[in-house]
Amino acid sequence: MEYKEQDYEDDFLNDFQDYEYQEMFEKANNIVLGFVASTAATGAVPLPFADAPLLIGQQVAMMLAINGVFGIDIERDALTSLATAAIGVGGATVVGKTVVSNLLKFIPGIGSAAGGAISASTAGVITLALGKAYIEVCKAIKMGKLDQSDLTKKEGLDMLKKSFKEQIKKN
């Protein structure tokens with residue numbers, strides 16, 4: 001088999017693109033891990049139900065940072081809607097853990113500690129699942145499987161919800 005100059009150029013461009021994608025995925029995963037630690041710390045705050053608005057803000061900030069890695073431009077309000085919709089499909093398990101952990105925080109001492117620990121782990125797991133799911137959606141956009149304009153529409157939302165459910169099951 002004889003290679004032509006164009007074949008070498010095509011191979012080089014494909015290899016370079018693969019390297020570029022791999023670097024994006026690694027950066028995005030590192031962003032997610034940083035936000036997992038941050039949201040877990042927020043979840044550990046011993047004040048009942050005080051962490052919810054802070055957590056969604058942190059998760060949206062994570063999604064914005066991931067957008068920066070992938071070169072995606074989506075408004076913050078749209079990301080807030082996507083995040084809350086995706087987390088909402090997490091179902092009774094997520095809601096149950098959140099409610100129980102926050103109710104435990106009402107009990108001084110051991111209840112606050114236990115509630116904080118459960119809340120911290122729940123916040124971390126949700127953030128990890130959301131981050132990984134959002135990276136999958138961004139990959140689909142970058143690889144041409146999903147149009148960026150469809151991210152905030154049914155197709156993008158369905159993809160994010162499906163991926164979030166899969167991630168929750170893994171964690």
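For every residue, the table says whether it meets (1) assigned to a helix (DSSP H, G or I); (2) under 13 Å from Ile72 (Cβ atoms); (3) in contact with a Gly (Cβ under 8 Å, 6 or more places away or on another chain).
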position: Ala129; (1), (2), (3): yes, no, yes
position: Ala140; (1), (2), (3): yes, yes, no
position: Leu157; (1), (2), (3): yes, no, no
position: Lys161; (1), (2), (3): yes, no, no
position: Gln167; (1), (2), (3): yes, no, no
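Pairs meeting the criteria (first residue in the range 131-147 and open to solvent by less than 80 Å² (accessible area, probe 1.4 Å), second residue of a type in the set (D, E, K, R) and assigned to a loop (DSSP other than H, G, I, E, B), beta carbons under 9 Å, at least 6 apart or on different chains) are Lys139/Lys145; Ile141/Asp147.
With the requirement that a residue be exposed (fewer than 15 other Cβ atoms within 10 Å of the Cβ), in contact with a helix residue (DSSP H, G or I) (Cβ under 9 Å, 6 or more places away or on another chain) and modelled with pLDDT of 90 or more, what does the range 151-171 give you? Result: Glu166, single match. The helices (runs of 4 or more DSSP H) found wholly in the range 9-106 and carrying at least 3 residues that are modelled with pLDDT of 75 or more occupy 52-70, 76-88.
The values are calculated or read from the model by the stated rules, or taken from the named source; none is laboratory data. All figures in this text were calculated on a predicted structure; none of them were measured in a lab. Glycine also receives a Cβ, built like all others from the backbone with ideal geometry; neighbour counts cover every protein chain displayed. Areas reflect the complete protein model, heavy atoms only, side chains present, ligands, DNA and RNA absent. Shrake-Rupley method; radii C 1.70, N 1.55, O 1.52, S 1.80 Å.
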